[in-house]
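To start, the structure under review is shown below, and the notes come after it.
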Amino acid sequence: MLHGGAWRSGGRKDWFEGCQRAATSGVVGVAIDYRLADGTAGHSWPAQLVDAQLAVRWVRTHAREYGIDPERVCAIGDSAGGHLAVFLAALDKPVLGEYAGLLPGVSPKADCTVDWFAPVDFSGFLQRSGMMRMMFVGVAPADYANAERSASPLFAVGPRTAPILIAHGGEDRMVSIKQSETLRDALTRDGVPNQLWVFRGGHEFAGVPDERRAYIDTALAFTKDPLGFLKTKSPPKSE
C-alpha cells in the first residue's frame, strides 16, 4: 500500500484503515514509506521507485513469516502512490539507484495493481511545476523531456504488465482524469486486463469521502482474483 502526497509528504499511516479492512477480509496489508522528495540528491527520482520495488522484494522474501503467498503480491496506491504502483505492475527488474542491489534475484514486479487517480504521463510537468523539479535534482532544462519520460509509467507498460484496476474522480481538478483514460487505452491496446472506474468526486475522494471505504473493499476484492474480478465486475455507470 503506497501513500500519496505529491512524492513530498504523507506516510504509511495514511493506509491504516486500508490495512484494517484488509485484515478483516483475509488479505495481508503492508503499508510502506518511501523516500520523499526534499530537494536533495539522495531523495531524487528514482529513489521513490527504488524503495517501492525494494518493498515488494522484501515482502516476497519474508512472505512465509506473515502468511503471504509470494506469488500473489499486489500493489495499491493513491495519487503519487498510484503512480508508483503502476510502475510496479510494469517493471520486472529493479531500476538503478541506491539500495537497488539489495535482495538480488527477487522479483520487484507486482502481480496486480490498483491505481487511484495517479498521474502516469509527466510530459511538460517540469517546465510548469517547481514542486515537480524537487524530484529531479540537477536535471537541466535541456534534459527535462528525458527525465519526464523516465518517471512516466505510461511509457513502461506493455503486454507483460500485470492486471490493473484504475479509479478516478470525474471531478478531479488536481490530476486530470485524462491521465487514467490514457492509461486505460494503452493497457487495452497491449492486451492487459484492466478497468477504469469513475466515481463522482474529486482528488482523494474530495466531496465523497465515504466512497473511500467502498473503493478499498473493491480493491481488496480485485487483489484476491484479478482476472476473475475483471471478467465478472463492470465499472459503475456514471450518474
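The values are calculated or read from the model by the stated rules, or taken from the named source; none is laboratory data. These numbers were taken from a predicted model, which means no experiment stands behind them. Heads up, the Cβs are rebuilt from the backbone with ideal geometry, glycines too, and the neighbour counts pull from every protein chain shown.
Entry remark, segment 8-57: residues being of a type in the set (Phe, Trp, Tyr), under 15 Å from Ala85 (Cα atoms) and either in a helix (DSSP H, G or I) or at pLDDT below 95 (or both) number 1 in total. With respect to (1) closer than 30 Å to Asp38 by Cα; (2) in a strand (DSSP E or B); (3) free of Cβ contacts under 8 Å to residues at least 40 places away in the same chain, the lone exception for Ala167 is condition (3).
Just one of the listed residues (Gly97, Gly158, Gly101, Gly138) is assigned to a loop (DSSP other than H, G, I, E, B) and free of Cβ contacts under 8 Å to residues at least 24 places away in the same chain, and it is Gly101. If the condition is being more than 15 Å from the chain's Cα centre (by Cα) and either within 15 Å of Gly81 (Cβ to Cβ) or in a helix (DSSP H, G or I) (or both), then segment 173-183 contributes Met174, Ile177, Lys178, Glu181, Thr182.
Scanning segment 58-85 for residues that are within 16 Å of the chain's Cα centre (by Cα) and assigned to a helix (DSSP H, G or I) returns Ala80, Gly81, Gly82, His83, Leu84, Ala85. Within segment 184-210, the only residue that satisfies the criterion of being under 22 Å from Gly5 (Cα atoms), of a type in the set (Asp, Glu) and within 19 Å of the chain's Cα centre (by Cα) is Glu204. Taken over segment 1-26, the criterion of being under 18 Å from the mean Cα position of the chain (by Cα) and surrounded by fewer than 21 Cβ atoms within 10 Å (Cβ to Cβ) is satisfied by Gly5, Ala6, Arg8, Ser9, Gly10, Gly11, Arg12, Lys13, Asp14, Phe16, Glu17, Cys19.
For segment 157-176, the tally of residues that are crowded, with 17+ Cβ neighbours inside 10 Å and either more than 23 Å from Ala52 (Cβ to Cβ) or among the hydrophobic types (A, V, I, L, M, F, W, C) (or both) stands at 8.
Note on segment 220-239: residues that are among the polar types (S, T, N, Q), in a helix (DSSP H, G or I) and either at pLDDT below 95 or surrounded by 13 or more Cβ atoms within 10 Å (Cβ to Cβ) (or both) total 1.
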